[in-house]
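Chemist: So that we are looking at the same thing, I have put the structure below in C-alpha cells.
The values are calculated or read from the model by the stated rules, or taken from the named source; none is laboratory data. Just so you know, these numbers come straight off a predicted model, no measurement behind them. Methodologically, a virtual Cβ is constructed for each residue, glycine included, from the backbone with ideal geometry; neighbour enumeration extends over all protein chains shown. SASA here: full protein model, heavy atoms, side chains in, ligands and nucleic acids out. Shrake-Rupley method; radii C 1.70, N 1.55, O 1.52, S 1.80 Å.
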Amino acid sequence: MKRITTIALLLVVLCVSWTCIAQADVRVPKTITDNAVLQRDVPVNVWGWADPGEKVTVTFGKATAQATTDPDGRWMAKLPAMEAALVGKDLVITGKNVLTFRNVVVGEVWVCGGQSNMEQPLDSWGQARLACTEEEANGDYSYIRYNRAVHLLSAEPLEDVECPGWLECKNGDQKRCTAAGFHFAVRLHKELGVPVGLIDVNWGGSKIDWWVPDEGWKLLPELESYVGDMQKARDLVLKAPDYKKATVGMSRNAYAKKSSNLIGAMYNAMMAAWTKYTIRGAIWYQGCSNTGDREMYYYKQKAMIAQWRKIWDQGDFPFYWVQLANFTAVVDDPNVSSNWPALRDAQTKCLDVANTGQAVIIDIGETNDIHPRNKYDVGNRLALWSLANIFGQKIEFKSPMFKELNIQGNKAVVKFDSVGGGLIVGRKDGRFPVYEDTGAGLSRFAVAGADQKWYWADAKIVAKDTVEVSCDKVAQPVAVRYAWQANPLGCNLYSKEGLPATPFRTDDWK
C-alpha cells in the first residue's frame, strides 16, 4: 500500500512538472516590479516572455493592452498614454498565469547614468558629509522611486538586469538612491506635482567608453580607431571559461576590470535591459575617468547619446549632463593648465547636439575630494533644463556662455550669451543661494598677447552681458581665458539668477 501511494505521488509530481514545462509562466524583467513609475502622457511599454503564441493582457486601472508572444517567446504590449497619478494602482499581467504588481504610479521617468558622482547615494556611502538634511535622508519622499542596477559586466546586451526592484524614498530607503538624481526629482515634483522614477544605473570609476553600445562607435569617423580590437579584448575576457568563476581573492567583475578593456560592457549588463522601458529622458554625471581624452570626449559623448536614442526608439529624448566640478590643488600660475579644462570644454561643445543641456558646477567642487558634497545644486541645476525646455517654465536655466571677443586697444572686451537679468560678481556658500558680492572683484580671468604667455587680469563687468579684461603686462591682448584650470577656486562670474559662467578660452593653443 505504501509503495502504491509513493508511486502515485511520483506520478503527480511528474505531471505537475510536465505541465510547468509545457506551459511556461508569463514573466517580466526586473525593471517591472512593485512601486514602479510609468511615464505619463505617452504610450508605455510593458514586455516580457511566455510560451510562443500565448496571448497576454496588461491592465492598469482602466487602461488595457494586449499582445501575442512571438515564436521566440517574447511579447510587448503598449498601454495607452495616461495622466500622472500619485496614488498607486495594481499593474496586472495575465497569460496562463497572473502577475500583479502593487503601488504602481504614473509620472516622470529619468535615467541617471555615469560614474561615482552619479552613483554617490544620499548617505554618501555611510559618511556624514553629503549636503542633505536629516529630513531628506529619512523623511517621506514616496513620490520618488528608484531602481538601482547591480554592478555587472557582459560582452553582449542582456535582456534582463540584476536589481532589487523599485523602492520608495521613505523610511530611510532613499539613503541608497543617487543623491544628484534625488535632488533633481525633488525639484521636479515641487514644480510639477507628479511622481518621479529614477533608473539608477551607474558605476564609480567607469569610463564613458564602457557605456557606449557597440554600434555607437561606428557613428562618427573620429571614433573608428576605437572599434574592433578593444571589443575583441573585452570578449576574450568576459567570454573566457575561467571568467565563469571568481578568481582567488577577486570578484569576477574586479577580475574583468583589471584584465580587459570594458568597452560597452557596463551598457550591455546594466543598461541594455532598460532600453525598452518608456522614459522621459536622461541625466548624466561622468568624465573624471576620461580627462585624458580631452577634446576626444566630445565625440564619445555625442556617439553615446545618438546610440542610446536610437536603441530606446523614443526620438531625441532630453539628455542633460553635469560639467566637471573644480578639483585638485589650486595652481596660481595661469600658464599651468591640465586635462580637466579641456574635458569641460568638450562637454560644452556637445551642446551642439539637439535637445541637450549642461549643468555648470565650477563653483561647488572640493579641492581634496573628487566628489562634491553639494549634490543639491547639481540636481537643481539639472532640473532647470527640464523645467524650461520640456515643461515651458519661463525661468533662467542656462549658465552664461562666451559669445564673442573684441580687442579695443589694451583691453579685451568679452560678451556673453544667456546672462538672464545680467552678470554679477557672485558668491556661493554651501546650499545657500548665490548672492551678489558687491565688494569683490572678478577672479580667474587671464589674458595673453601674441607671445602666448598668460597673466592674471583685472576684469570688471561694464554692461549687462559684457566683461572688460586687461593687464598692464599685456599691451596688446589677443586671447582671454576664464576658469581654465582644474581648480579655478574663486571664479565668481554669475548671472543674477545664480548660475555660474561656463569656463571658456578664446584661443586654440595647445
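Chemist: Three principal axis extents, largest first, for the C-alpha atoms of the range 113-249, in Å?
Modeler: Taking max minus min along each principal axis of the Cα atoms, the range 113-249 gives 49, 41, 29 Å.
Chemist: Related question: Identify the residues of the range 102-146 with backbone N under 18 Å of a label point that sits 7 angstrom from the Cα of Glu83 along the Cα-to-Cβ direction, or state none.
Modeler: Of the residues in the range 102-146, 105-108 have backbone N under 18 Å from the label point off Glu83.
Chemist: Of the listed peptides 295-301, 420-426, 471-477, what is their order by residue-averaged count of other C-beta atoms within 10 Å, with the highest listed first?
Modeler: Packing proxy ranking, top to bottom: 295-301, 420-426, 471-477.
Chemist: At a probe radius of 1.4 Å, what is the per-residue accessible area of Asp437, in Å² to the nearest 10?
Modeler: 40
Chemist: Let me have the relative contact order for the chain, percent, based on Cα pairs under 8 Å that are six or more residues apart. Before the final figure, lay out each step's value.
Modeler: On the way: 1190 pairs, mean separation 63.8, N = 510.
Computed over the chain, the figure is 13 percent.
Chemist: With every protein chain present, what is the per residue accessible area of the chain (1.4 Å probe, Å²)?
Modeler: Working: 21940 Å² over 510 residues.
Averaged over the residues of the chain, the accessible area is 43 Å².
Chemist: Of all the accessible heavy-atom surface of the chain, with the other protein chains kept in place and a 1.4 Å probe, what percent is carbon and sulfur?
Modeler: Answer for the chain: carbon and sulfur cover 52 percent of the accessible area.
Chemist: Straight-line reach from Lys300: which aspartates and glutamates fall under 18 Å, measuring Cα to Cα and dropping same-chain residues less than 8 apart?
Modeler: Counting by Cα, and skipping residues close in sequence, Lys300 has these aspartates and glutamates nearby: Asp209, Asp214, Glu215, Glu222, Glu224, Asp229, Asp316, Asp345, Asp352.
Chemist: In nm, to one decimal, how far is the modelled label at Asn406 from the one at Thr94, with both set 7 Å along Cα→Cβ?
Modeler: 7.2
Chemist: Kindly give the semi-axes, whole Å and largest first, of the ellipsoid equivalent to the range 46-190, taking each as the square root of 5 times a Cα gyration tensor eigenvalue. Could the numbers behind the result be given before it?
Modeler: On the way: eigenvalues 216, 78, 28 Å².
Three semi-axes, in Å: 33, 20, 12.
Chemist: Which value in deg cm²/dmol, rounded to the nearest 500, describes the helix-derived mean residue ellipticity at 222 nm for the chain, given -39,500 (n - 2.57) per DSSP H run of n ≥ 4 and division by the residue count? Before the final figure, lay out each step's value.
Modeler: Numbers: 9 runs with 105 residues, N = 510.
The per-residue figure over the chain is -6500 deg cm²/dmol.
Chemist: Assuming R0 = 35 Å, what is the FRET efficiency of Ala233 and Val331, from their Cβ-Cβ distance, to the nearest 0.05?
Modeler: 0.45
Chemist: So for the range 419-491, what percent of the C-alpha to C-alpha distances run longer than 18 Å?
Modeler: So the pairs more than 18 Å apart make up 46 percent of the total in the range 419-491.
Chemist: Averaged over all directions, how much area does the convex hull of the C-alpha atoms of the range 271-327 cover when projected, in nm²?
Modeler: Mean shadow area of the hull around the Cα atoms is 4.4 nm².
Chemist: Here is a further query. Please arrange Val227, Val98, Val447 by accessible surface area, largest first, computed with a 1.4 Å probe and ligands excluded.
Modeler: Heavy-atom accessible area, descending, gives Val98, Val227, Val447.
Chemist: Go from 0 up to the bin containing the longest alpha carbon distance in the chain, width 10 Å each, and give me the % of pairs per bin.
Modeler: 4, 17, 25, 24, 16, 8, 4, 2, 1, 0, 0, 0
Chemist: Here's something else I'd like to know. List the pairs from Lys78/Lys276; Lys170/Lys394; Lys30/Lys276 whose alpha-carbon separation is above 20 Å, in the order I gave them.
Modeler: Lys170/Lys394
Chemist: Once the Cα atoms of the range 374-510 are picked out, what are the Rg and Dmax in Å?
Modeler: 15.6, 49
Chemist: Could you list, bin by bin from short to long, the percent of Cα-Cα pairs of the range 239-311 in 10 Å steps?
Modeler: Whole-percent P(r) values from 0 Å outward: 14, 39, 30, 16, 0.
Chemist: With +1 assigned to the C-beta of every Lys and Arg and -1 to the C-beta of every Asp and Glu, and no other charges, what is the dipole magnitude of the chain about the Cα centre in debye, to the nearest 20?
Modeler: In debye, rounded to 20, the chain gives about 860.
Chemist: Please identify which residues in the range 307-344 have an amide N closer than 20 Å to a label point set 7 Å out from the Cα of Ala354, following the Cα→Cβ vector.
Modeler: Flagged as within label range: 307-321.
Chemist: Separate question: What is the helix-to-structure angle for 339-349, meaning the angle in degrees between its Cα long axis and the longest Cα principal axis of the chain, kept from 0 to 90 and rounded to the nearest 10?
Modeler: In the chain, helix 339-349 runs at an angle near 70 degrees to the longest axis.
Chemist: Could you calculate the contour length gain from Val462 to Asp437, that is, 0.36 nm times the residue separation minus the distance between their Cα atoms, to one decimal place in nm?
Modeler: Length difference between fully extended and current span is 7.4 nm.
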